[in-house]
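The values are calculated or read from the model by the stated rules, or taken from the named source; none is laboratory data. Keep in mind that this is a model prediction, so the values were computed, not measured. Cβ: placed from backbone, ideal geometry, glycine included. Neighbour counts: every protein chain shown.
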Amino acid sequence: MPDRAPQPVERQLPTEEARDLIALVRDIVQREIAPRAAEEEDAGHFPREVFTLLSDSGLLGLPYDSDFGGGDQPYEVYLQVLEELAAARLTVGLGVSVHSLACHALAGYGTKEQQTEHLPAMLGGGLLGAYCLSEPSSGSDAASLRTKAVRDGDDWIITGTKAWITHGGVADFCTVLARTGVEGPRGITAFLVPGDAEGLSAATPEKKMGMKGSPTAQLHFDGVRVPDTRRIGDEGQGFAIALSALDSGRLGIAACAIGVAQAALDEAVTYATGRQQFGRPVADFQGLRFMLADMATQIEAGRSLYLAAARLRDAGLPFSREAAMAKLFCTDAAMKVTTDAVQVLGGYGYTADFPVERYMREAKVLQIVEGTNQIQRMVIARHVVGPESR
Ligand SMILES: Cc1cc2nc3c(=O)[nH]c(=O)nc-3n(C[C@H](O)[C@H](O)[C@H](O)COP(=O)(O)OP(=O)(O)OC[C@H]3O[C@@H](n4cnc5c(N)ncnc54)[C@H](O)[C@@H]3O)c2cc1C
């Protein structure tokens, strides 16, 4: 049996433009991302220049309005771009997804003046964003956040600490959720804060299990002054804005998960068809054939689920339930598929000589970010059986 080299995923794309976009992404992946991924992840190197290239290529603002520098692409196309990027390197795929999340508030809730002033640089002008919701003592219970913004004339003074911030310390702008009023979700307001604002500093990045090239750091806001013109939406609307961003962001995480899982399957198939034991390729043995078949089926099911949710969003229909389901299913599938890929490679799978151990470490974080999978189940259950009685 000859080695089976991985074939590019056959994608159902709605337009010629979308097909060109995927071809462009595959070209960038092959030239600029995949060849350096393993080495740079190992070294914990953040590929800032790749994000600049993606921005220059029109790939950092794909789902947003072209009037403000976006790409006018439906979510079903944008997510497949993310999948391709994440398959090559999760630091890049997830980084683009987080950047989009950071743009969501201004693009969806900003005034025309704010959008005209800031969006073109954010969507295609080389800037990179961070989304600042989590804090050291508020993760899943995000509505209990404590970072404060206090009014001072025409300005706001922001004080507090954000935790786990992707692109913390390297972002050019931060979408920050801060408390401006009562306890709970109704007292939270969103702000757009420049990355180099006075009083804003980043801690040393966390030492993580995977995605080591992606800086994740606490951000300290020590009396950061921003004008009221950088408040996004109404006072007290911030939590609703944050949740709306997360509905879309969860689809991005789902697509990234399928990218990582696909990369793991490709590697497993190539290995299993080349590795001989008992005088035959190990891919001959039914124990592995069934495992590979299950892996492929999980991936197709996950891809179909995130695309179905994306098509609802593109049609302007509610998609919150389906986004939670896609995030849950795709990230659990990625964890299973990447773990099985290590098994298919046997002892070699457990070494850094092959990328499957990296995929397995990368998959784990996707079950945690943008609402853990326990939180996704809570969201889905509320749609299925209604709110809890207390
Ligand atoms: C690499 C990385 C990047 C991240 N990037 C960002 C970012 O850019 N911006 C940002 O704002 N945040 C970011 N986060 C934070 C992430 O969203 C949080 O880690 C996540 O929401 C969980 O919060 P927590 O870690 O505080 O866990 P906790 O909320 O303390 O949860 C601990 C455990 O309890 C479970 N749990 C909590 N509540 C319930 C419940 N009601 N029912 C059942 N189980 C429950 C959780 O599922 C989890 O298993 C990032 C995290 C990581 C690891």
Mind listing whichever residues of region 360-374 are more than 9 Å from the ligand (Cβ to nearest atom) and either surrounded by 22 or more Cβ atoms within 10 Å (Cβ to Cβ) or modelled with pLDDT under 95 (or both)?
360, 362, 363, 366
Report whether or not residue 142 is within 12 Å of the ligand (Cβ to nearest atom) and either at pLDDT below 95 or surrounded by fewer than 24 Cβ atoms within 10 Å (Cβ to Cβ) (or both).
yes
Inside region 213-226, the number of residues satisfying the requirement of being in a loop (DSSP other than H, G, I, E, B) and either more than 10 Å from the ligand (Cβ to nearest atom) or surrounded by fewer than 19 Cβ atoms within 10 Å (Cβ to Cβ) (or both) is 1
Within region 129-136, can one find any residue that is at pLDDT 95 or above, more than 9 Å from the ligand (Cβ to nearest atom), small (Gly, Ala, Ser) and surrounded by fewer than 23 Cβ atoms within 10 Å (Cβ to Cβ)?
no
Step by step: first the residues of region 145-163, then only those that are crowded, with 17+ Cβ neighbours inside 10 Å and not in a strand (DSSP E or B), then the one that is farthest from the ligand (Cβ to nearest atom). Which residue is that?
147
Subset tally (residues that are under 12 Å from residue 102 (Cα atoms) and either touching a His at 6+ places or on another chain (Cβ under 9 Å) or more than 14 Å from the ligand (Cβ to nearest atom) (or both)) for region 167-190
6
Flagged in region 74-103 as more than 16 Å from the ligand (Cβ to nearest atom) and among the polar types (S, T, N, Q), in numbering order, are 80
Single match in 105, 121 (criterion: buried (at least 19 other Cβ atoms within 10 Å of the Cβ) and of a type in the set (A, V, I, L, M)):
105
